[in-house]
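Here is the structure we will look at.
All of the numbers you see were taken from the coordinates with simple rules; none came from a lab. Nothing here was measured: the structure is a model prediction, and the numbers come from that model. Positions of Cβ are backbone-derived with ideal geometry, glycine not excepted, and every protein chain shown enters the neighbour counts.
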Amino acid sequence: MSTGPAGGGYRTSEDEQILHRLGYAQELFRAMGGFQNFAISFTIISILAGCLTSYFIAFNNGGPIAISWGWLWVGLMSTIISLAMAEIASAYPTAGGLYYWSSKLGSPAWGWFTGWFNLVGQIAVTAAIGYGLAIFSTSLINLWFDYPNTKEWTLLTYSVVMLIAVLLNMMKVSITALLNTISAYWHMVGVLFIVLVLIIVPDNHQSVSYVFTETINNSGFSGTNFGSIVFWYVFGLGLLMSQYTITGFDASAHMAEETHQASRMAAVGMYMSVVASVVFGWILLLAVTFAVPDTQGVLDAVGGAVTYIWTTSMSETWAEILLFICCVAQMFCLTASVTSASRMMFAFSRDRAVPGHRLWRKVAANRVPVAAVWAIGFLAWALMIPTYWNSATGYLVGTSIAVIGLYIAFILPVILRFRMGDRFEHGAWSLGNHYKWIDVVAIVWVAIISILFLGPVAPTGIPWKDGFNWDVANYAPLTVGGALLLFGGWWLISAKNWFKGPVRMGTAEELEQMEERTATAYEVPADTEYSG
């Protein structure tokens with residue numbers, strides 16, 4: 001909070017003093033408490049979005065075991081990664097988050113690549129969230145009004161929901177923070193309601209053996225049993241459902257400049273959002289899988305797998321209620337993802353790394369980086385244009401790009417922190433000596449999934465064998481590799497000469513003067529206390 005003494009004037013809070021040490025003025029509005037910081041990451045992870053919209057990925061690649069056991073394994077690995085990141089977030093509670101960490105722990109080059117992978121991942125995950133919402137919304141509107149349930153109309157729905165998310169982000173942060181708080185409760189209560197309905201309403205349920213031991217390989221690769229190496233590769237592809245869902249928890253770091261007691265709350269919000277999502281998500285996925293009415297029907301439904309399960313196992317009215325709960329949750333999720341991504345773009349632009357940085361780093365009168373919000377909305381929308389030709393493959397590849405981009409950005413600063421050892425200066429929250437094994441496990445797991453999700457998703461999608469069949473090709477290697485060449489080439493040719501990492505905005509005195517002018521210009525009284 002910022003308070004003025006009895007005689008007036010401007011005094012910085014502890015949060016602002018930490019931000020000053022990092023080199024920045026308090027430009028964004030610090031109006032979020034610890035729960036709200038947790039809520040935005042929990043909302044972006046959104047178990048009512050990711051694991052339901054991508055359910056078909058795991059069901060086709062591994063079957064029920066990729067859902068029941070795969071979720072737990074990925075949840076454990078993601079928790080370890082979030083703990084490794086939380087310690088760094090506590091030391092550097094700034095909106096730049098990951099690229100700032102890499103710049104300070106390594107060099108400007110580390111910060112450059114971390115920042116760009118993070119930004120690309122943020123855009124991709126926003127796109128995937130939005131398109132998943134469009135799939136569910138189209139299914140719901142189809143049940144209500146016979147709206148065409150085709151890829152062309154789904155893309156139109158996607159355009160509409162992206163626009164809504166952008167417009168909601170035009171509002172001041174206290175309103176988006178309120179939406180995230182509502183969203184957290186909506187997700188938790190919604191999951192419990194859906195689980196209860198799936199237990200009581202369907203007349204038939206699958207056996208425990210089906211949910212925990214059944215294997216399915218609908219990828220086209222041979223192998224359906226545990227003794228087959230090919231099956232384990234397919235099972236690995238199925239983990240994309242879980243790994244894609246448990247992303248976005250870096251939002252707690254990106255919202256640090258808008259959170260009270262950020263050195264502790266950003267760290268706690270980060271790992272607790274993952275833990276809560278793992279618990280609630282597992283319960284939800286088990287309930288959905290027990291309700292599977294027919295295996296082949298789910299396989300044939302592809303992206304509409306969950307809609308098929310619900311409309312077939314119970315009445316249409318019940319299916320509509322559950323779809324409505326999910327669509328609202330996914331709209332919360334999309335809105336929060338745009339918020340987080342725009343803050344990352346704002347911070348990266350503040351340090352002059354993004355073309356047109358002067359535009360993207362501007363904040364409006366309500367302390368929102370409006371231009372960055374519009375940019376994220378447009379770029380995320382554009383990334384899903386290929387779904388016009390093939391919705392399932394386009395969505396699968398979008399999720400792959402999101403996972404690879406984000407987790408590479410997640411792990412680069414962890415590598416640097418591990419390399420730094422005991423010289424690392426802790427914030428208010430620390431792993432102690434546990435960082436020695438936590439960081440290693442996190443690094444190894446991210447290396448595995450980054451290689452795995454760049455692999456072919458079907459036998460006819462192997463380019464050196466069959467050429468490119470765009471219907472089944474995984475073009476994530478092209479986009480990720482292209483991004484790496486672009487960022488790397490840009491760095492070698494130009495950026496290394498002018499990008500020096502985070503740029504201090506001024507001395508402590510100059511930063512206080514900036515904040516006082518900002519408070520006056522935006523009509524925020526200097527003697528106002530903001531509650532979290």
### Message
Test of understanding: ordering 168, 76, 98, 284 by Cβ neighbours within 10 Å, fewest first, what list do you get?
### Response
76, 168, 284, 98
### Query
residue 440 label point, 7 Å along Cα→Cβ, cut-off 17 Å on backbone N: hits in region 406-423?
414-422
### Query
How far apart, in nm, are the 7 Å Cα→Cβ label points at residue 494 and residue 201?
5.4 nm
### Summary
Quick note on 383, 431, 167, ordering by fewest other C-beta atoms within 10 Å, gives 167, 431, 383
### Task
On a 0 to 90° scale, report how tilted helix 435-452 is relative to the longest principal axis of the chain, with both axes built from alpha carbons and the result rounded to the nearest 10.
50 degrees
### Message
If I model a spin label as a point 7 Å beyond the Cα along the Cα-Cβ vector, how far apart are those points for residue 320 and residue 358 in nm?
### Response
5.4 nm
### Query
Once both axes come from the Cα atoms, what is the angle between helix 229-238 and the longest principal axis of the chain, in degrees from 0 to 90, rounded to 10?
60 degrees
#### Entry: For the chain: span of alpha carbons on each principal axis (Å, largest first)
72, 48, 43
### Message
Given the options 208, 170, 58, identify the residue whose Cα lies farthest towards the positive end of the charge dipole of region 36-501 (+1 on Cβ of Lys, Arg; -1 on Cβ of Asp, Glu).
### Response
170
## Note on the structure
Residue separation between residue 486 and residue 182 times 0.36 nm, minus their alpha-carbon distance, gives in nm 105.4 nm
### Task
Kindly rank 57-70, 189-202 from highest to lowest mean number of other beta carbons found within 10 Å of each residue.
57-70, 189-202
### Query
What are the ³J(HN,Hα) values, in whole Hz, obtained from phi via the Karplus relation 6.51 cos²θ - 1.76 cosθ + 1.60 with θ = phi - 60°, for each residue of region 146-163 in sequence order, with x given for Gly and Pro?
6, 5, x, 9, 10, 5, 5, 6, 5, 5, 5, 4, 4, 4, 5, 5, 5, 5
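Just subtract the alpha-carbon distance of residue 503 and residue 275 from 0.36 nm times their residue separation and send over the number in nm, one decimal. Before the final figure, lay out each step's value.
Numbers: separation 228, 0.36 × 228 = 82.08 nm, distance 3.46 nm.
Residue separation times 0.36 nm, minus the Cα-Cα distance, leaves 78.6 nm.
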#### Entry: With Cα atoms, 0 to 90° folded angle of helix 370-383 axis to the chain main axis
20 degrees
### Query
So what is the 222 nm mean residue ellipticity for the chain from helices alone, if each DSSP H run of at least 4 adds -39500 (n - 2.57) and you divide by all residues, rounding to the nearest 500 deg cm²/dmol?
-22000 deg cm²/dmol
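What Kirkwood hydrodynamic radius, in Å, does region 195-286 give when the mean of 1/r is taken over all pairs of distinct Cα atoms and then inverted? Don't skip to the answer; put the middle values down first.
On the way: mean 1/r = 0.0604 Å⁻¹.
The answer is 16.6 Å.
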### Task
Arrange the following residues from fewest to most other Cβ atoms within 10 Å of their Cβ: 384, 188, 272, 32.
188, 272, 384, 32
## Note on the structure
Given backbone amide H placed at 1.01 Å from N, residues whose amide H is under 5 Å from that of residue 32, ignoring those fewer than 5 places away on the same chain, are 259, 260
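How much net charge surrounds residue 108 when only the other residues with a Cβ under 9 Å from the Cβ of residue 108 are counted, with Lys and Arg +1 and Asp and Glu -1?
Neighbour charge sum, excluding residue 108 itself: +2.
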### Summary
Here the alpha-carbon Rg of region 31-181 over 2.2 N^0.38 Å rounds to 1.24
### Query
What's the extension gain from residue 388 to residue 17 if we count 0.36 nm per residue and subtract their Cα-Cα distance?
128.6 nm
### Query
Can you list the trypsin sites (Lys or Arg not before Pro) in region 353-428 that are in a DSSP coil and have 12 or fewer other beta carbons within 10 angstrom?
none
### Summary
Taking the alpha-carbon centre of each part, the distance from region 331-354 to region 196-217 in Å is 39 Å
### Query
Within a Cβ distance under 12 Å of residue 352, other residues only, what is the Lys/Arg minus Asp/Glu net charge?
+3
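Below 10 angstrom from the Cβ of residue 427, what's the summed charge of the other residues (Lys, Arg +1; Asp, Glu -1)?
Values: positive: 264; negative: 87, 425.
Around residue 427, the surrounding residues sum to -1.
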### Task
Calculate the spin-label point distance for residue 365 paired with residue 174, positioning each point 7 Å from the Cα along the beta-carbon direction, and give it in nanometres.
1.6 nm
